Amino acid sequence: ALSPSIAKNMVKVREARRAYRRFYAQCFWSYDPNYKITLEDIPWVAKTLMKNGNHETWSIGAKLCR
């Protein structure tokens, strides 16, 4: 069975990957479109969403920081 912390991290990675794909053109256009987000990338994804996006992307970035 997965520990709660591992499960939580898996969800965060999934959400960060989803946001990277969804907001690629708006926030991540200068990066590789096929880049595979890892757990270590989550702070960068969150910061980029909050810095380069709109209110919706800011909210998603803030959620990733929790």
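General remarks:
- Any hit, segment 7-14, residues being surrounded by fewer than 12 Cβ atoms within 10 Å (Cβ to Cβ) and in a loop (DSSP other than H, G, I, E, B): no
- Selection count, segment 27-46, where residues are assigned to a helix (DSSP H, G or I) and in contact with a helix residue (DSSP H, G or I) (Cβ under 7 Å, 6 or more places away or on another chain): 6
- Enumeration of residues in segment 3-51 that are of a type in the set (A, V, I, L, M) and touching a residue at least 24 places away in the same chain (Cβ under 8 Å): V13, A16, A19, I37, L39, I42, V45, A46, L49
Every number in this text was worked out from the coordinates using simple rules, so none of it is lab data. Note that the structure is a prediction, hence the values are computed from the model and not measured. Glycine gets a Cβ as well: all are built from the backbone with ideal geometry, and neighbour counts include every protein chain shown.
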